[in-house]
């Protein structure tokens, strides 16, 4: 599934314009990215959680020249699926749908 496919799904499910669907999808993605950049984790019940992990620095080798290269430590995004998602992917029944509560 591509981002455009996801926008189409949102457009059909929410009965909004394509432009509004793009805004919704982009806002969700940007919110996840901003939270991870701030060091927070993002937990979506029934789907999974996103967090960052610190990868240690290491010495690597340039495959072309064989020269040693120092790779600095860095933060990487990490996704851990929920038990419900793992069960559905492995052929189990989908969890029951719960209606979204609107603010306001």
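The values are calculated or read from the model by the stated rules, or taken from the named source; none is laboratory data. Owing to the predicted nature of the structure, the values given are computational and were not obtained by experimental measurement. All Cβ positions, even for glycine, are placed from backbone atoms using ideal geometry, and neighbour counts span all protein chains on display.
See the values below:
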quantity: Matching residues in region 56-85 - criterion: being in contact with a strand residue (DSSP E or B) (Cβ under 8 Å, 6 or more places away or on another chain), loosely packed, with under 10 Cβ neighbours inside 10 Å and over 30 Å from residue 42 (Cβ atoms); calculated: 59, 62, 67, 68, 70
quantity: Where residue 26 falls short, out of the listed (1) under 24 Å from residue 81 (Cβ atoms); (2) modelled with pLDDT of 95 or more; (3) outside any helix (DSSP H, G or I); calculated: (3)
quantity: Single match in 63, 72, 81 (criterion: touching a residue at least 12 places away in the same chain (Cβ under 8 Å) and over 19 Å from residue 1 (Cβ atoms)); calculated: 72
quantity: In region 1-19, the residues that are in a helix (DSSP H, G or I) and in contact with a helix residue (DSSP H, G or I) (Cβ under 8 Å, 6 or more places away or on another chain); calculated: 3, 6, 7, 8, 10, 11, 14, 18
quantity: The listed residue being farther than 27 Å from residue 14 by Cα and at pLDDT below 95, out of 40, 90; calculated: 90
quantity: Those residues of region 43-75 which are in a strand (DSSP E or B) and farther than 19 Å from residue 31 by Cβ, in sequence order; calculated: 53, 54, 55, 58, 59, 60, 61, 68, 69, 70, 71, 74
